[in-house]
1. Taking only the C-alpha atoms, wrap a convex hull around region 365-405 and report its volume per residue in Å³ as a whole number.
2. Considering the alpha-carbon set of region 343-486 alone, what are its Rg and its Dmax in angstrom?
3. Mind checking region 144-197 for trypsin sites (Lys or Arg not before Pro) that DSSP puts in a loop (not H, G, I, E or B) and that have at most 12 other Cβ atoms within 10 Å?
4. When ranked by the protection proxy of mean other Cβ atoms within 10 Å per residue, highest first, what sequence do the peptides 468-481, 442-455 form?
5. Shape call for region 69-153 from the C-alpha gyration tensor, a ≥ b ≥ c root eigenvalues: rounded (a/c under 1.5), prolate (a/b greater than b/c) or oblate?
6. Below 12 angstrom from the Cβ of Pro27, what's the summed charge of the other residues (Lys, Arg +1; Asp, Glu -1)?
7. So, by mean Cβ neighbours within 10 angstrom, what's the order for 383-392, 366-375, 257-266 with the highest one leading?
8. Could you tally the net charge around Arg374, taking each other residue with its Cβ under 13 Å from the Cβ of Arg374, Lys/Arg +1 and Asp/Glu -1?
Amino acid sequence: MDFLIEIVLVILLALFSVFVWWYGTIPSNVPPGPMGLPFLGSALDTYKASTLYDTLSKWRDRYGPLYRIYIGNQLVLILADWNTIQEALVKQGDTYAGRPSFHTIFPEELVDSGLLNSEGELWKIQRRFALSTLRDFGFGRPIIEPRIKDEAQYLSDAIEAYKGQAFDPAPWLSNAVSNVVCALVFGRRFDYDDEKFRQILSSLRARFAETDFSIITSFVLSERMAKLMAHVPVVKKVLKSTIEVLSFYREETSSALKDFDPGRDEATNYVQAFYKARLDREDKWAFAEKQLIASVGNLFVAGTDTTATTIHWGIFFMAHYPDVQEKVYEEIRKETSGQSLLDYGDRVKLPYTEATVLEMQRMANLLPVGLYRRTLAPSKLCGYDIPVGTVVVPLLGAALRDPEVYPNPEVFDPNRFLNAKDEKGAVFSYLIPFSAGKRICLGESLARMEMFILFTALMSKFKFYFPPEEPKPPLKALVSILNVPIPYKVCAERRSD
């Protein structure tokens, strides 16, 4: 018996020593947060709740808008309100502009490359090139509006073909939005009956609908966890769809470069401009094949799913709030008399409609857990010392649902944005669905333009409502990286001109 007691005491002493050692590794003067377990940190907690956002929100209520957790031995800083996000990502933008390295099972093109996953000089070169090149092709400028309006017409025709029968708007919205990006990136659009392209878009939607940020966390922060996650069924499915989509990027890139002579021809799309840059630039090292495929993928995904999903939410909201839908329609009808599609510049004449689009973005809360950053230098934030190499997670959902900024934040209310100006006269300051700082979404200007033109085109032509014979679907989202609406169907009644 004495021998067993000694063994138990030794084990308890060893465990106590491990815990003392673990807690002693936490740097001094860092923000408060859960202690976690030795070697695991709070990794297990991120899997217990229905979503990572739920877990992080509960810790915010306990520790405040700036706190820290550990995943394995990696220090992770959580920015959980608008002010803290601004203090870090905007006011100290250069320090918080890094990106964690993905310990990933995914293909090489996705590792530390492109516009999304690179950092430092490579990222700066890629972002500057993308912004200047895409702007030359009309990105975020009025000259791109005719292309968006063309897609609005194709989209309207596809919806009208249902003749008032219930349908799922998601695939049609993805096709329309993606075609605008494809024209810029590949120099072509895809017909709505192109089954191969529809399958690619379906794979993308499924990948976002089935992958939570808790899985991504394991990829980012732990090589061992990434290898273990490779055996999880949902990860296998996501990996399969990722490989399929990468194959599509490669095929379309090759097609865009067919018969293109970079030394002779002018580039007419992003792929050709990227390829041509290899000849002309001193920093041609940044324009390798891997960077091209990664950047193409980043532009395609970011330019498709975020905008299409926001409009998808918009139709969902309009069917749930028919009074709002009617106010939007009446305002648009008075401005257009039903004769033409609106320009993005017309939004100043349509304050209620613009406010509705803004409220759609806020309530959609598309990316509640923002893309991870990494500190590139030591930082002082809100009186705390933040070490270099800290992973930083902006909790965008907390900023979009902050009751101090948005009273009754769970209520869909466009009126909150009518005449809502900050001290600089801007209505967008507190609305950060595109994140903030140096790594704010590159496609923000195009996304805003597409959302307004496509949404108003649909509102002017159709009245959306749920099938009367079916129960009204609840306003809920699927657990995923993006806040995707639960699957739903609507009927679209053609408005009289």
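No value in this document is a laboratory result; all are computed from the given coordinates. All of these numbers come straight from a predicted model, not from anything done at the bench. Here Cβ is always computed from backbone atoms with ideal geometry, including for glycine, and neighbour counts include all displayed protein chains.
1. Convex hull of Cα atoms, per residue: 71 Å³.
2. Computed over the Cα atoms of region 343-486, radius of gyration and Dmax are 17.9, 60 Å.
3. On the way: sites: Arg147, Lys149, Lys163, Arg188, Arg189, Lys196; in loops: Lys163, Arg188, Arg189.
For trypsin sites (Lys or Arg not before Pro) across region 144-197 that sit outside H, G, I, E and B with at most 12 neighbouring Cβ atoms in 10 Å, the list reads Lys163, Arg188.
4. Numbers: 468-481: 13.4, 442-455: 22.5.
Highest mean packing first, the order is 442-455, 468-481.
5. Prolate.
6. So the environment of Pro27 carries a net charge of 0.
7. 366-375, 383-392, 257-266
8. For residues surrounding Arg374, the net value is +1.
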